[in-house]
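This report concerns only the one structure given below.
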C-alpha cells in the first residue's frame, strides 16, 4: 500500500500543479462602439428590404459574464435624415423611451477553452427591454477571441423581433401612413460587437484587424439651427405622432403630453425666423360650433406651453379648425382619435 501511495504522489509531482480554470472575462470587458454594429432589416411591400442601424452603442461584460448593452434609440440610422426622425418620433417614441437595453448571462466556464479554440458557437438567452416592454428571447452567438485583449460576439443568424410583442403596432401604422408602404410587422436584427479587456483599450493590438465604423451625419439629431426643409419635415412628423393629450371635452394638457412638447420646443427654437402654426382639430362628435371652440382652446393651450417655455409669441399662430379637416372617417374609435389632433406647420409667406 505504501508503495502504491508513493507512486501516486510521484505521478502528481511529475504532472505539475493543477491549472486553475481560465476566466476569459476577467477582469471585465468594455464595448468598442467604433468597431461594433447593430443592424436591423425591414421588408416593405413584401419585396423591398431596407437595412438600418444605430450610430451609438454602449456595453459591458463583467468578470462573472453579465452582459449589458444600451442602445440609444435617438441614434437610429436609416441613412436618410427625415426617415430617422420618423423612426424616432413615430415608431420608437424615443422622447418617452430613449433607450433599449439587452441583458444576458454568459457562463465563463463554457468559454474557458476560448484561448485555445479561439471561436465558439453558444446559445444565449437574453432579455430585450424595448418601448417599455421586457421579453425573453434567445439567439445563437459566435464568440471569437480576436486577440488576448479583444473579443467579438456576433449573431450566427438574424433574430426576429415582433413589433406587436413590444407594443409598437401603433407606431408601425403611423410609419406606413407616412411612407405609403406596407411594412411587415417584424424586424430581423443582427449584431457584431467588439469588446476590449478592461485596462487595455487604446493599446496597440495587432490581433484586431477591423476598420472603424464611420457614423453617417444623418444618424444623430443635428445641433444648431435647421434649414427650411428640415423644419417643415419635422413639423409634419410631429403632427402625426398623436402624443399630445387632453381630457374628454377639455383643453387642459395632460402630463403625458410633456415629453413630446419638450421636443416641439427644441425644434421650434432651432427654426429661427419661421412662423409656426399650431392647429387644433377635433372629431365630428357633438356640434360643429362646440368642436370649433374646443379646437381653438386646445391649440391655444399648446401655444401657451410653447411661449411659457421661451418661444417668442410673435412666432406662433394658434388656429382652431374644429371638425372641418378630418384625416380619417369619423366612424370608429380609432379613426376619431386620429381626427382629434394638434398639427404643426411652417407658415408660408
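Overview of values
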| quantity | calculated |
| --- | --- |
| Evaluation of residue 112 against (1) under 18 Å from residue 161 (Cβ atoms); (2) out of contact with any strand residue (DSSP E or B) (no Cβ under 6 Å at 6 or more places or on another chain) (one fails), failing number | (1) |
| Tally of residues being farther than 30 Å from residue 235 by Cβ and in contact with a strand residue (DSSP E or B) (Cβ under 7 Å, 6 or more places away or on another chain) across the range 84-109 | 6 |
| Tally, over the range 135-153, of residues that are free of Cβ contacts under 8 Å to residues at least 24 places away in the same chain and exposed (fewer than 12 other Cβ atoms within 10 Å of the Cβ) | 2 |
| Residue within the range 115-130 that is closer than 26 Å to residue 228 by Cα, at pLDDT 95 or above and surrounded by 15 or more Cβ atoms within 10 Å (Cβ to Cβ) present | no |
| Residues that are within 19 Å of the chain's Cα centre (by Cα) and crowded, with 19+ Cβ neighbours inside 10 Å, drawn from the range 241-262 | 241, 243, 260 |
| Per-region count, the range 245-273, residues touching a strand residue (DSSP E or B) at 6+ places or on another chain (Cβ under 9 Å) and within 12 Å of residue 344 (Cα to Cα) | 4 |
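The values are calculated or read from the model by the stated rules, or taken from the named source; none is laboratory data. These numbers were taken from a predicted model, which means no experiment stands behind them. Every residue, glycine among them, receives a Cβ derived from its backbone with ideal geometry; neighbour counts consider all protein chains shown.
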